[in-house]
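First up is the structure itself, then whatever we jot down about it.
The values are calculated or read from the model by the stated rules, or taken from the named source; none is laboratory data. Every value quoted in this text rests on a predicted model; they were computed, and no experiment measured them. Glycine gets a Cβ as well: all are built from the backbone with ideal geometry, and neighbour counts include every protein chain shown. With ligands, DNA and RNA removed, areas are computed over all heavy atoms of the protein, side chains included. Shrake-Rupley method; radii C 1.70, N 1.55, O 1.52, S 1.80 Å.
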Amino acid sequence: MEQSRASHQNLIRPKWIKSLRTLVQAGFALFCLYAGYRFYLFYLWGTGQTSAYVPRPPSVEAFLPISALVGLKRLILSGNYDMIHPAGLTIFLAALCLGLLLRKGFCGWICPVGFVSNLAEKTGRKLKILWRPPIWLDLPLLSLKYLLLFLFLYLIAWKMTLEQIESFHTSPYNLAVDAKMLLFFLSPSGLAAGIMLFLAGISFVMRNFWCRYLCPYGAMLGLLALGSPFQVKRDSSTCIDCKKCEKTCPASISITTKDTVRTGECIGCTECVSVCPVEDCLTLSLPGRRKNSILLLPAAVIGTYFIFYIAALLTGHWYSEVPPEVMRKFYGIIAELPHP
Ligand code: SF4
Ligand code: SF4
Ligand code: SF4
């Protein structure tokens, strides 16, 4: 009886959820590295630096969120899907859907930047240089990503007219924006290199600095996640205040001060539920069902993501309609392309 209860408990909240998350994140990060390398080879062909043609991997469009936001507004206003960067828009729509339904599961399980940020944090912890900012500094810093998000929403979702969007959509800049993004990382300006070095360095000292304070994408997902049906709930009558949940939480949430974790900072990693020593004190809840297996959330995150990918493939919304030769033409004049 005791044994069957224990195995049931293991299924509901397996202790290896942290390792599983690392594995899934590493898988997505490795895939992104591979896609980035293939795109680099395509770029070399596109700029005439090699004659060996390598097909362009559409998944690199995941790194064009502003183009995707413009594409979403165009879709809403005109009904036309962005067929220049269709994979970018599909990934953006998948991320929005994940935010609405599955908290910030995109951040917790898929995003490679989040994974790298977690690695920097672990290294900082081992080196004993990780520093938790006091609340008077943490709170204003937390607002920065929302300010950036509202700036983008104001400039694109609010201010841009359909005419301006169409003009941007067909501009040479938009046709070569993926190569521009690659160039930004391959040969950054002095200022950009300085900012990237600062962000990389501070991530070892302040936990998830970019994700927690600056990423507008994460801010948008966090706002959507406020309405998510998945919630971590705490039974205050059985909580022994051991704080194990808070020590493990990658988002530094004060779980023990809440009965329900509603904050947009929660990335749905479910590690808090897994480490809680009291049975049923912390649970992953859904409306009408307080206790669910914590595997449900990652399974739904990864499943939903792949449903979008397969649907886009089957319906012709994954591969760009722009022929490689046309892209090559614009890659060739990339240095002369001004921002519209
Ligand atoms: S906050 Fe931004 S960078 Fe960080 S994991 Fe989420 S989407 Fe990725
Ligand atoms: S780990 Fe569980 S028992 Fe410990 S403080 Fe958190 S909710 Fe309470
Ligand atoms: S509250 Fe729990 S599920 Fe949410 S980020 Fe923290 S540890 Fe992960």
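Couple of notes before you dig in:
- Oblate is the label for region 166-245, because the ratio a/c of its alpha-carbon gyration tensor axes (a ≥ b ≥ c) is 1.5 or higher and a/b is not greater than b/c.
- Across the options S143, P57, N118, the greatest Cα extent toward the positive end of the charge dipole of region 10-151 (unit charges at beta carbon of Lys, Arg, Asp, Glu) belongs to N118.
- Within the accessible area of the chain (1.4 Å probe), percent carbon and sulfur: 69 percent
- Computed [θ] at 222 nm, helices only, for the chain once each DSSP H run of length n ≥ 4 contributes -39500 (n - 2.57): -17000 deg cm²/dmol
- Spin-label model distance (nm) - Y146 vs F306, 7 Å beyond Cα toward Cβ: 3.6 nm
- When S254, S203 are compared by accessible area at a 1.4 angstrom probe, the order from most to least is S254, S203.
- Against the rule of thumb 2.2 N^0.38 Å, how large the Cα Rg of the chain comes out: 1.08
- Each Lys or Arg adds one and each Asp or Glu subtracts one; over the other residues with Cβ under 15 Å from the Cβ of P216, this totals +2.
- Positive-end extreme of charge dipole, region 52-198 - chosen from S171, C107, L96 (charges on Cβ): C107
- In Hz, Karplus ³J(HN,Hα) per residue of region 36-48 (6.51, -1.76, 1.60; θ = phi - 60°; x = Gly, Pro): x, 5, 5, 5, 4, 5, 5, 4, 4, 5, x, 9, x
- The average projected area of region 81-226, computed from the convex hull of its Cα atoms over all directions, is 10.5 nm².
- Placing H85, H317 in order of accessible area, with the largest value first and a 1.4 Å probe, yields H317, H85.
- The separation of region 148-201 from region 298-337, counted between C-alpha centres, amounts to 17 Å.
- Set against the 2.2 N^0.38 Å expectation for a compact globular protein, region 186-340 has a Cα radius of gyration ratio of 1.45.
- Ordering A87, S254, L223 by Cα displacement along the dipole of the chain toward the positive end leaves S254 in first place; charges were set at the Cβ atoms of Lys, Arg (+1) and Asp, Glu (-1).
- Heavy atoms of K122: accessible area, 1.4 Å probe, square angstrom to 10: 80 Å²
- A Förster radius of 25 Å combined with the Cβ-Cβ distance from F185 to K18 puts the calculated FRET efficiency at roughly 0.25.
- Per-residue SASA entry for L223, accessible area with 1.4 Å probe, Å² rounded to 10: 70 Å²
- Relative contact order (%) - region 215-340, alpha-carbon pairs under 8 angstrom, separation at least six: 24 percent
- Region 110-191: C-alpha gyration tensor shape, a/c 1.5 cut-off, then a/b vs b/c: oblate
- Probe 1.4 Å, accessible area per residue of region 143-249, Å²: 52 Å²
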